[in-house]
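Student: The structure's right below; bear with me while I get my questions together.
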């Protein structure tokens, strides 16, 4: 039986150090700032060199903010798992009544909290640096935001499943896999610009459709939750969430059978 007391204990364990550790705070604040400045001004420059809709830069900046919903919810799951391994405490945690499900739920909640904070922070940065108020489009993109977070959970659970089984030898995938999905999702550009074979692969994942929906919402100044893209994005999100949850259970059981020495 799932107990919230155990879940809240893990949340407290990881959330409190986040706001006391300058390195973690820098990680939360620095990378969104760099990406917004780098890609934002690149978008401003590209837009200024040709005629086109004023929505181009606005859509780009909003997509970057939405990408950080995915990235932070991913990172908080897999990185906090790594922290437990680095601290040599994961095996001890698994020896307590805490279940793997409770542990992962706590990391998912942490991912949601961090993603929400970063999204609001990015929105303020966009307003401060580019004078673009993406708060005004929140009602238009609101139906898509939960799906972005769940997509981040999916990537985080996938990464965690591999870390559970292979241990420290694959810890680099904590950052490598999200970067791969940034390419396949078309977060910073239209996926139609990619090679045809990349577009085919991207069509298998919900993030492609979600970023299309965000750009359409900004261009058309309307939201359509009955569109084909929204249906496909929702269906794929639910499918992959179930799939990676089953994969995690399988990999954790395999890891327990072979021994957890590689987890510290």
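The values are calculated or read from the model by the stated rules, or taken from the named source; none is laboratory data. In this text, all values refer to a predicted model and were calculated from it rather than measured experimentally. All Cβ positions, even for glycine, are placed from backbone atoms using ideal geometry, and neighbour counts span all protein chains on display.
Student: So if I check each of 148, 164, which one is more than 14 Å from residue 211 (Cα to Cα), surrounded by 23 or more Cβ atoms within 10 Å (Cβ to Cβ) and touching a residue at least 60 places away in the same chain (Cβ under 8 Å)?
Tutor: Numbers: 148 fails: more than 14 Å from residue 211 (Cα to Cα).
Exactly one residue qualifies, and that residue is 164.
Student: Take the conditions without any contact (Cβ under 8 Å) to a residue 24 or more places away in the chain and closer than 24 Å to residue 114 by Cα and apply them to residue 224. Does it pass?
Tutor: Spelling it out, it is not the case that residue 224 is without any contact (Cβ under 8 Å) to a residue 24 or more places away in the chain and closer than 24 Å to residue 114 by Cα.
Student: Within region 1-20, which residues are in contact with a helix residue (DSSP H, G or I) (Cβ under 9 Å, 6 or more places away or on another chain) and farther than 19 Å from residue 99 by Cα?
Tutor: 15, 17, 18, 19
Student: If you take the residues of region 202-248 that are farther than 18 Å from residue 147 by Cβ and either in contact with a helix residue (DSSP H, G or I) (Cβ under 6 Å, 6 or more places away or on another chain) or modelled with pLDDT of 95 or more (or both), which of them is surrounded by the fewest Cβ atoms within 10 Å (Cβ to Cβ)?
Tutor: 246
Student: Out of 136, 131, 169, which single residue is surrounded by fewer than 16 Cβ atoms within 10 Å (Cβ to Cβ) and at positive phi?
Tutor: Working: 136 fails: at positive phi; 169 fails: at positive phi.
Every option except 131 fails the conditions.
Student: Exactly one of (1) within 21 Å of the chain's Cα centre (by Cα); (2) surrounded by fewer than 22 Cβ atoms within 10 Å (Cβ to Cβ); (3) under 30 Å from residue 258 (Cβ atoms); (4) touching a residue at least 12 places away in the same chain (Cβ under 8 Å) is unmet by residue 180. Its number?
Tutor: Among (1) within 21 Å of the chain's Cα centre (by Cα); (2) surrounded by fewer than 22 Cβ atoms within 10 Å (Cβ to Cβ); (3) under 30 Å from residue 258 (Cβ atoms); (4) touching a residue at least 12 places away in the same chain (Cβ under 8 Å), the lone unmet condition for residue 180 is (4).
Student: Same structure again: Looking at residue 156, is it buried (at least 21 other Cβ atoms within 10 Å of the Cβ), under 24 Å from residue 37 (Cβ atoms), out of contact with any strand residue (DSSP E or B) (no Cβ under 8 Å at 6 or more places or on another chain) and touching a residue at least 24 places away in the same chain (Cβ under 8 Å)?
Tutor: Values: buried (at least 21 other Cβ atoms within 10 Å of the Cβ): yes; under 24 Å from residue 37 (Cβ atoms): no; out of contact with any strand residue (DSSP E or B) (no Cβ under 8 Å at 6 or more places or on another chain): yes; touching a residue at least 24 places away in the same chain (Cβ under 8 Å): yes.
When the stated conditions are applied, residue 156 does not pass them.
Residue-by-condition table, conditions (1) modelled with pLDDT of 90 or more; (2) closer than 21 Å to residue 213 by Cβ; (3) crowded, with 17+ Cβ neighbours inside 10 Å:
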position	(1), (2), (3)
8	yes, no, no
15	no, no, yes
41	no, no, no
53	no, yes, no
80	yes, no, yes
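Student: May I ask you to say which residue of 4, 19 is modelled with pLDDT under 90, over 17 Å from the mean Cα position of the chain (by Cα) and surrounded by 11 or more Cβ atoms within 10 Å (Cβ to Cβ)? Lay out the reasoning, then the answer.
Tutor: Numbers: 19 fails: surrounded by 11 or more Cβ atoms within 10 Å (Cβ to Cβ).
So the residue among 4, 19 that is modelled with pLDDT under 90, over 17 Å from the mean Cα position of the chain (by Cα) and surrounded by 11 or more Cβ atoms within 10 Å (Cβ to Cβ) is 4.
Student: Of the residues 71, 121, only one is touching a residue at least 12 places away in the same chain (Cβ under 8 Å) and surrounded by fewer than 20 Cβ atoms within 10 Å (Cβ to Cβ); which? Break it down stepwise before answering.
Tutor: Numbers: 71 fails: surrounded by fewer than 20 Cβ atoms within 10 Å (Cβ to Cβ).
Just one listed residue meets the conditions, 121.
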